[in-house]
Amino acid sequence: MASIELEAPGTTQLLLGNEAIARGALEAGIGFAASYPGTPASEIMDTLSSITKKMGIHAEWSVNEKVALEAAAGASFAGIRAIASMKQNGINVASDFLINLAMTGIGKGLVAVVADDPGAISSTNEQDSRNICKWMNLPLLEVSNAQDAKDITKWAFDLSEELDTICIVRSVNRIGHTRGNVELGKLPKSKHRAYFPIIWDMFKPTKSKFTTGPFIELHKVLLQKLAKAEEEFEVSPYNYYTGPEKAELLIITSGACTHYCTEAVKELKLEDNVGIFKLTTTWPLPEKLVSKQLSRSQKVLFVEESDPFIERSVMELAANLPPDSPRLVFYGKRSRHIPLYGELHPDIVINTIANLMGVTYLARDITYEKEVNELYRVIPGRTLNLCPGCPHRATFWAVKNALQLDGRDGFVCGDIGCYSLGFAAGGYYQLRTMHAMGSGIGVANGLGSLSRFGFEQPVIAMVGDSTFLHAAIPALINGVYNKSNFILLILDNNATAMTGFQPHPGTGMTATGEPTFHIDIEALCRSLGVHVEVCDPFELKNTIDTLLRLLAEAGGAKVVIMRRECEMVRAKREKRFPYVVSVDPDICIGEACGCNRVCTRVFQCPGLIYDQELRKATIDEAVCTGCGLCADICPHGAIIKKVAES
Amino acid sequence: MKKLSKEPLNMIIAGVGGQGNVLLSFLIGKALVQNGYFVSVGDTYGASQRGGSVASHVRISEHTCYGSLIPSGHADVILSLEPAETLRMLCRFGNPDVVTITNTRPIYSSDVTSGNDVYPKIDELLKLIEKLSAEVIVIKATDEAFKLGNPIFANVILIGALIGSGVLPLDKKSLEPILQENFPKEFDANMAAFNTGMKLAGH
């Protein structure tokens with residue numbers, strides 16, 4: 001659904017934060033955009049790739065975030081404004097290039113947008129990417145809603161050129177995935193002309209020469225750029241204070257938390273007592289401006305996600321205030337007034353401020369509250385599960401059965417993707433390690449090299465098709481080269497499914513929907529000399545037999561490509577179900593089956609439910625997608641699949 | 001621009017991943033912005049969509065864009081695609097003045113089908129929902145959607161019911177162009193679903 005109006009400057013549109021970031025980049029006149037899909041950043045590229053032709057820009061899904069950033073930098077070096085967008089973990093992948101890029105500077109404006117995921121709503125970890133800016137000496141801007149996401153992204157390009165360095169814009173899930181009113185600005189009409197400058201001024205080695213040497217000299221220059229950024233930030237209109245001239249409590253906040261603070265102060269009717277300083281330029285800290293704000297109150301509360309980033313910088317600053325300054329009392333993460341982990345929420349901020357200001361707060365009527373507390377227990381849980389019809393369910397079922405039959409305590413090493421749900425009931429708890437993109441194979445490399453220590457457990461590594469191309473190829477090469485023993489399952493569903501079905505090099509289609517070279521994963525693996533087999537996981541028996549056979553064979557790395565298209569992608573294209581599935585209640589033996597209801601208790605497809613009154617399994621026709629897999633796992637043949645009429 | 005019954009007016013749109021929450025909140029939000037309101041729509045994306053409990057927070061104002069999360073106990077309207085989710089949202093965001101519009105068709109989670117958890121009987125569930133709401137509009141949206149040929153229409157039926165209930169400052173005219181724009185090929189079917197919802201809400 002990511003799309004933006006291209007015309008209509010001056011009008012107000014409802015834009016997703018990520019669409020607003022894309023719009024800001026377009027208003028800044030970008031000619032180049034690169035990204036790798038990752039929640040909560042994906043819609044930035046989804047948006048840009050949908051309008052490349054109209055805008056005459058290049059937009060690509062790169063193979064990973066490091067390449068995306070490198071490609072964007074290349075464009076910048078040749079005089080084209082460029083953006084690279086990524087989720088929090090993406091900037092980790094790009095970090096080695098980023099720290100070197102900080103040394104060389106840029107050509108035309110270059111911006112990296114990093115979208116953090118406080119609360120790990122769709123990530124394997126919580127991470128505060130702001131720290132990378134401090135580590136690498138890069139200017140950092142934090143956006144707080146859709147409107148300023150657009151405005152600040154646009155400003156970041158000017159700033160980048162002025163400072164001759166890449167500028168980092170930091171968003172979070174609650175901004176990227178919130179829609180809000182955005183007043184559109186003008187789109188520039190300028191034509192882009194790219195040229196890489198081959199002549200540079202030897203007396204000014206920092207300009208138009210993109211090498212990190214002379215190293216020490218350029219490190220010094222980098223710090224000078226940062227000092228200049230601080231000067232800029234002292235006068236930025238995006239840092240502002242609202243509240244009384246002198247306040248009983250000063251809140252310093254940034255990003256999405258700005259709204260929680262504003263709401264809390266209003267909710268508690270403390271507008272005349274509490275002031276809010278919204279900081280957009282959080283690194284480097286504009287010390288003079290912040291010092292001025294600190295004179296408003298002796299009590300200071302920090303509200304930010306996720307680390308005490310501003311909090312620590314301000315404390316460092318406070319330690320250097322003149323000796324006659326009044327003693328300040330700081331509240332925040334260090335004092336445990338604000339939690340150090342998890343996503344922040346208006347409730348937390350309201351209660352913290354109420355506590356500090358000595359006022360009472362009741363979210364709602366107290367009788368209602370009591371009633372509700374009794375009722376929470378009747379609401380059933382909703383553990384995340386793979387979608388109905390998902391090929392990964394078949395893969396996990398096959399793996400579970402094969403490992404059980406093998407009987408040597410085999411297990412699966414995985415990573416991040418839809419198949420991460422394999423660590424829970426939906427994947428039969430088969431996934432036993434889960435870390436970064438492609439890490440399952442790396443970890444399996446180590447585990448598969450422990451035979452000298454008496455290690456005999458079979459090791460299965462698991463990776464999605466997009467993730468395989470992103471980060472796993474070196475690990476597979478390593479396994480082949482170092483003779484590690486593991487079976488790699490590449491779950492090839494022909495999409496980057498978890499983030500919104502984006503194409504990748506294995507799909508034969510570019511970000512803009514154009515046909516391109518199709519990177520043949522099977523041929524690529526074969527070229528490494530590794531043993532490769534291909535299975536359709538929906539052919540359950542064959543898949544289980546294949547896995548059993550490979551588990552029994554002697555060592556070395558082996559690859560099985562589990563090839564079956566993502567059900568969501570298939571359904572969208574074909575708009576019909578392959579089978580009509582039903583349960584014959586006369587054959588279904590309900591609780592007497594297997595170890596008590598093998599289909600609903602163990603197999604757990606959302607489309608297959610248990611009728612408590614009939615005490616039989618049944619199909620939920622509002623949910624079932626007619627894949628027919630359950631018909632193959634029913635030991636009594638009570639589940640019937642009939643080919644659907646077209 | 002009609003005056004809002006409350007500033008800001010807070011609405012939760014509840015459901016289960018895959019039911020079309022994001023689309024629902026997008027269509028309503030778009031209609032509100034086109035009618036001059038400030039809107040903030042916070043959605044759930046990504047992993048949480050995989051069969052999990054999802055809620056869109058829609059915050060409507062005459063003056064400013066509010067933050068994307070409604071504080072606990074502060075919902076004015078709860079529009080829900082799934083009855084157990086209705087109760088979940090009432091428990092967290094409800095208050096004695098809340099107006100609830102709810103579908104009746106359960107979606108059983110794996111916790112329920114596996115036997116680890118019990119799904120309440122629908123009559124009991126509706127009684128609890130009534131107890132916690134100032135007003136409840138019960139819509140058999142999925143049943144009606146099946147009559148229209150596809151269970152997914154439940155979400156547009158609920159938009160119809162929402163507009164029919166009069167809790168938002170929007171009418172049929174303000175939604176029509178939005179449905180036209182978003183469903184150019186299936187406009188008639190979606191309009192039929194919308195009208196069904198309007199009718200079920202008493203219009």
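The values are calculated or read from the model by the stated rules, or taken from the named source; none is laboratory data. All values reported here derive from a predicted model rather than from experimental measurement. When we count neighbours, we look across all protein chains shown, and the Cβ atoms used for this are built from the backbone with ideal geometry, even at glycine.
This table checks each residue for (1) in the same structural domain as A:Val169 (by TED's automatic domain parsing); (2) among the basic types (Lys, Arg); (3) touching a residue at least 40 places away in the same chain (Cβ under 8 Å).
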{"site": "A:Lys288", "(1), (2), (3)": "no, yes, yes"}
{"site": "A:Leu301", "(1), (2), (3)": "no, no, yes"}
{"site": "A:Met315", "(1), (2), (3)": "no, no, no"}
{"site": "A:Tyr331", "(1), (2), (3)": "no, no, no"}
Consider only pairs whose beta carbons are under 6 Å apart and that are at least six residues apart or on different chains; among these, list those whose first residue lies in region B:100-116 and is at the interface with another protein chain (Cβ under 7 Å from one of its Cβ atoms) and whose second residue is charged (D, E, K, R).
B:Ile107/B:Glu82; B:Ser109/A:Arg382; B:Asp111/B:Asp117; B:Ser114/A:Arg601; B:Gly115/A:Arg601
Kindly indicate whether A:Glu19 is closer than 15 Å to A:Ala511 by Cα, under 17 Å from the mean Cα position of the chain (by Cα) and acidic (Asp, Glu).
no
Subset of region A:609-646 [under 22 Å from A:Cys593 (Cα atoms) and without any contact (Cβ under 8 Å) to a residue 24 or more places away in the chain]
A:Ile609, A:Tyr610, A:Asp611, A:Gln612, A:Glu613, A:Asp620
Filter region A:560-611 for residues that are within 13 Å of chain B (Cβ to nearest Cβ) and acidic (Asp, Glu) and give the result.
A:Glu567, A:Glu591, A:Asp611
Among the numbered criteria (1) in contact with a Lys or Arg (Cβ under 6 Å, 6 or more places away or on another chain); (2) over 18 Å from A:Ile168 (Cβ atoms); (3) buried (at least 24 other Cβ atoms within 10 Å of the Cβ), which one does A:Glu27 miss?
(3)
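Let's see how each residue does on (1) closer than 28 Å to A:Gly506 by Cβ; (2) among the small types (Gly, Ala, Ser); (3) touching a Ser or Thr at 6+ places or on another chain (Cβ under 7 Å); (4) loosely packed, with under 15 Cβ neighbours inside 10 Å:
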{"position": "A:Arg549", "(1), (2), (3), (4)": "yes, no, no, yes"}
{"position": "A:Glu553", "(1), (2), (3), (4)": "yes, no, no, yes"}
{"position": "A:Gly556", "(1), (2), (3), (4)": "yes, yes, no, no"}
{"position": "A:Lys575", "(1), (2), (3), (4)": "yes, no, no, yes"}
{"position": "A:Cys588", "(1), (2), (3), (4)": "no, no, no, no"}
{"position": "A:Leu614", "(1), (2), (3), (4)": "no, no, no, yes"}
At least 2 residues that are modelled with pLDDT under 95 and not aromatic (Phe, Trp, Tyr) in each: list the helices (runs of 4 or more DSSP H) lying fully within region A:139-256 that qualify.
A:215-234
Somewhere in region B:128-143, is a residue in a helix (DSSP H, G or I), touching a residue at least 60 places away in the same chain (Cβ under 8 Å) and either facing chain A (nearest Cβ under 8 Å) or at negative phi (or both)?
yes
Output for region B:96-127, where each listed residue is part of a strand (DSSP E or B) and in contact with a Pro (Cβ under 7 Å, 6 or more places away or on another chain)
B:Thr102, B:Asn103
If we keep only residues of region B:158-172 that are in contact with a strand residue (DSSP E or B) (Cβ under 8 Å, 6 or more places away or on another chain) and small (Gly, Ala, Ser), then the residue farthest from B:Glu144 (Cα to Cα) is B:Ser165
Filtered residue count, region B:23-57, keeping only those that are facing chain A (nearest Cβ under 8 Å), of a type in the set (Gly, Ala, Ser) and at negative phi:
8
For region A:259-274, check the following and say yes or no: at least one residue is in a loop (DSSP other than H, G, I, E, B), in contact with a Lys or Arg (Cβ under 6 Å, 6 or more places away or on another chain), within 14 Å of another protein chain (Cβ to nearest Cβ) and of a type outside the set (S, T, N, Q).
no
Selection within region A:91-113 - buried (at least 24 other Cβ atoms within 10 Å of the Cβ) and over 21 Å from A:Glu162 (Cα atoms):
A:Ile91, A:Val93, A:Ala94
Would you please list the contacts, defined by Cβ atoms under 7 Å and residues six or more apart or on different chains, that run from a residue in region A:361-379 that is more than 7 Å from every other protein chain (Cβ to nearest Cβ) to a residue that is among the polar types (S, T, N, Q)?
A:Tyr361/A:Asn351
In region A:493-508, is there at least one residue being aliphatic (A, V, I, L, M), in contact with a Phe, Trp or Tyr (Cβ under 7 Å, 6 or more places away or on another chain) and either modelled with pLDDT of 95 or more or in the same structural domain as A:Glu60 (by TED's automatic domain parsing) (or both)?
no
So A:Phe517, is it closer than 30 Å to A:Ser50 by Cα and either among the acidic types (Asp, Glu) or outside any helix (DSSP H, G or I) (or both):
yes
Number of the condition not met by B:Ile60 [criteria: (1) assigned to a loop (DSSP other than H, G, I, E, B); (2) more than 9 Å from chain A (Cβ to nearest Cβ)]:
(1)
When region A:83-111 is checked residue by residue, the ones that are more than 23 Å from the chain's Cα centre (by Cα) and of a type outside the set (A, V, I, L, M, F, W, C) are A:Asn100, A:Thr104, A:Gly105, A:Gly107, A:Lys108, A:Gly109
So A:Lys66, is it buried (at least 22 other Cβ atoms within 10 Å of the Cβ), of a type outside the set (S, T, N, Q) and in contact with a Gly (Cβ under 6 Å, 6 or more places away or on another chain)
no
